[in-house]
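Peer 1: Would you mind keeping the following structure in view while I ask a few things?
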Amino acid sequence: MARIRAFEGLRYDLPRAGEPADLLAPPYDVIDAEQRAALAGASPHNCVHVILPEAPAGSEDPLAKYRAGAEAFRKLTAEAFVRDLEPSIYVYHQRFESEGQTYTRKGFICLIELTRFGRGPVLPHERTLSGPKQDRLELMRACDAHLELVFGMFSDPERAWEAAVEAARGEPVMAVEWDGVEHTLWRVHDPEACAALEAVLADRNIYIADGHHRYETMCTFRDELEAAGRGEAAKWGMIYLSNLDDDGLVVLPTHRLVHGIEAQALDEVIAQLRPYFDVEARALPGDPADLRSTLIGASEAADGRAAVGLAVPGEGTMQLLTLRADFDPAAAGLGALPEALQRLDVALLHELVLERVLGISKEAQAAKTNLRYYKSTPKALAVAQGDDPEGGTQLVCFMNATPVGDVVAVCDSGEVMPQKSTFFFPKIPTGLVFRDIGR
């Protein structure tokens, strides 16, 4: 079902480009102005000059920054990149620690045949917004390149993909410790190994873990290139793929912080939720491990039912909500939801707590009008303890991580989850491989 292929990638020529730790950057949408300045100052070859370009001083042309990005890309191509002459697939490992355990997430970078969501084997789990897609499209047009990776998953319990390429990996072409993670990249250009990997993926669905906007933008650019007579090059987009059955696939929770709503007493909120949840008042957990143990333990004790924690900053308590054993989605007014969402904790939080009880509409949720999303459990817990650097937080909603199986079930149903339902850790940096579409 999924068609992948090797490609002639552009990657950093380290003897010319410099230290790899000075060249990589986080995904563009998590880089603030201070971090951008630090990355740009680390090296004139850092990829932030391309993925997050700045317009010349005084320019009022909205497209000027994209032209600056294209110029930076041309400069890197001339000064810092090497182009692989044989079609290649790039095996990529991330070795990292999470909550006291060490993991290695394994995957590979390749091209995938682009199909719109719902029309092929590539399936989303979140909705996308128009603003980020337009920004990435303008940069893609200016550079005529795929600069950033989409993160996709596929099921391979037998790890057949690893067997297909293991003997052909050779020595790493990049190995660096960056942002607390060990990153190792290998180039596989043996035609038989590449063909064997293509065969492994041929009957698999691809589930987008991160980069929905980037994937849809590649599809839009594909349509433009096909209209311009560049159909074959346009058919393919650059992607990182990892096995969802691998032990190195770590999913962490994303917590919700509510602000800017009409004030309600927490006991009144809880009273409206009791028809759906068993409620237990507890002392606020003292550290992230205690919080994680509390939420996971509550779900496990309830035969896997949803568990959520609600805390008012500074009060020192947490209301532990566990879905009632007799919960009836239809009676709760959720019968129209797909079955895969009807008992999912993040869907229940958004439908019952945020929208129905707190009055935060789906439109406001999508626009983040009254919500902040915290991927850091320590920071979310600190806000609940009263340290609120952004100010105005009225309620902290603590979440369990969404199991990968639930993400797949929602994708397979043809539906999507609420925004920020999953956080696949760690993020994939930019700067590992680029694709010049003209080649």
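The values are calculated or read from the model by the stated rules, or taken from the named source; none is laboratory data. Predicted, not measured: the structure shown is a model, and the values here were computed from it. Ideal geometry is used to build each Cβ from the backbone, glycine not excepted, and the neighbour counts take in all protein chains shown. With ligands, DNA and RNA removed, areas are computed over all heavy atoms of the protein, side chains included. Shrake-Rupley method; radii C 1.70, N 1.55, O 1.52, S 1.80 Å.
Peer 1: Under a Cβ-only charge scheme (Lys and Arg +1, Asp and Glu -1), can you give me the dipole magnitude of the chain about the Cα centre, in debye to the nearest 20? Don't jump to the answer; show the numbers that get you there.
Peer 2: Working: 44 positive and 67 negative charges, 173 e Å.
The dipole of the chain has a size of about 820 debye.
Peer 1: Around residue 346, with a cut-off of 12 angstrom between Cβ atoms, what is the net charge of the other residues, counting Lys and Arg +1 and Asp and Glu -1?
Peer 2: Numbers: positive: 256, 343, 420; negative: 126, 345, 351, 406.
Cβ neighbours under 12 Å give a net charge of -1.
Peer 1: Right, next: Please give the Cα centre distance for region 56-97 versus region 170-239, rounded to the nearest Å.
Peer 2: 16 Å
Peer 1: Tell me, what HN-Hα J-couplings in whole Hz come from the Karplus equation 6.51 cos²θ - 1.76 cosθ + 1.60 at θ = phi - 60° for each residue of region 253-260, using x for Gly and Pro?
Peer 2: x, 10, 8, 10, 10, 9, 8, x
Peer 1: Please list, ordered by chain and number, the residues whose modelled amide H lies under 5 Å from the amide H of residue 437; skip anything fewer than 5 residues away on the same chain.
Peer 2: 145, 146
Peer 1: Filter the cross-link list 75/133; 106/368; 235/420; 75/106; 133/368; 65/368 down to pairs whose alpha-carbon distance in this structure exceeds 22 Å. Please report the intermediate quantities before stating the final value.
Peer 2: Details: 75/133 25 Å; 106/368 33 Å; 235/420 29 Å; 75/106 31 Å; 133/368 17 Å; 65/368 26 Å.
Distance filter (> 22 Å) returns 75/133; 106/368; 235/420; 75/106; 65/368.
Peer 1: What do the square roots of 5 times the Cα gyration tensor eigenvalues come to for the chain, in whole Å, largest first, as semi-axes of the equivalent ellipsoid?
Peer 2: Numbers: eigenvalues 310, 120, 91 Å².
Equivalent-ellipsoid dimensions as semi-axes: 39, 25, 21 Å.
Peer 1: Between 108, 147, 176, whose Cα lies farthest towards the positive end of the dipole of region 58-178 when Lys and Arg beta carbons carry +1 and Asp and Glu beta carbons carry -1, centred on the Cα centre?
Peer 2: So the residue furthest toward the plus end is 147.
Peer 1: Given a 1.4 Å probe, how much area per residue of region 301-405 is accessible, in Å²? Kindly include the intermediate steps, with their values, before the conclusion.
Peer 2: On the way: 4260 Å² over 105 residues.
Accessible area per residue: 41 Å².
Peer 1: For residue 173, what residues show an amide H to amide H distance below 5 Å, using hydrogens built from the backbone and excluding near sequence neighbours?
Peer 2: 185, 186, 187
Peer 1: Next question. Dipole of the chain (Lys/Arg Cβ +1, Asp/Glu Cβ -1, origin at the Cα centre): which of 47, 251, 185 lies farthest to the positive side?
Peer 2: The residue sitting most towards the positive pole is 47.
Peer 1: Provide the per-residue ³J(HN,Hα) series for region 42-47, in order, calculated from phi with Karplus coefficients 6.51, -1.76, 1.60 and θ = phi - 60°, each as a whole number of Hz, with x at glycine and proline positions.
Peer 2: Couplings: 5, 6, x, 9, 5, 5 Hz.
Peer 1: Run through the DSSP bridge list for the chain and note the antiparallel percent, rounded to the nearest 5.
Peer 2: Values: 67 of 75 bridges.
Roughly 90 percent of the DSSP beta bridges within the chain come out antiparallel.
Peer 1: If you roll a 1.4 Å probe over the heavy atoms of the protein chains, what accessible area per residue do you get for region 69-143, in Å²? Intermediate values should be presented prior to the final figure.
Peer 2: Working: 3190 Å² over 75 residues.
Roughly 43 Å² per residue, with all protein chains present.
Peer 1: Next question, about the same structure. So what J values fall out for region 226-232 if you push phi through Karplus, 6.51 cos²θ - 1.76 cosθ + 1.60 with θ = phi - 60°, rounded to Hz, Gly and Pro as x?
Peer 2: 4, 5, 8, x, 10, x, 5
Peer 1: Another one. Taking the Cβ of residue 198 as the centre, find all other residues whose Cβ is under 9 Å away and add up their charges (Lys, Arg: +1; Asp, Glu: -1).
Peer 2: Working: positive: 3, 5; negative: none.
Charge balance near residue 198 sits at +2.
Peer 1: Now for a different question. Checking the a/c ratio against 1.5 first, then a/b against b/c, what shape does the Cα gyration tensor give for region 262-308? Intermediate values should be presented prior to the final figure.
Peer 2: Working: a/c = 2.88, a/b = 1.37, b/c = 2.10.
Because a/c hits 1.5 or more and a/b fails to exceed b/c, region 262-308 counts as oblate.
Peer 1: How large is the charge dipole for region 1-85, taken about the Cα centre, if only the Cβ atoms of Lys, Arg (+1) and Asp, Glu (-1) carry charge, to the nearest 20 debye? Present the calculation step by step, with values, prior to reporting the outcome.
Peer 2: Values: 10 positive and 13 negative charges, 89 e Å.
Dipole magnitude for region 1-85 comes out near 420 debye.
Peer 1: What does the net charge come to around residue 319 if you take all other residues with beta carbon closer than 13 Å to its beta carbon, with K and R at +1 and D and E at -1?
Peer 2: Details: positive: 274, 282; negative: 267, 268, 278, 280, 315.
Net charge around residue 319: -3.
Peer 1: Assign unit charges at the C-beta atoms only (+1 for Lys and Arg, -1 for Asp and Glu), then state the dipole size of region 307-358 relative to its Cα centre in Debye, rounded to the nearest 20.
Peer 2: With only Lys, Arg, Asp and Glu charged at Cβ, the dipole is about 40 debye.
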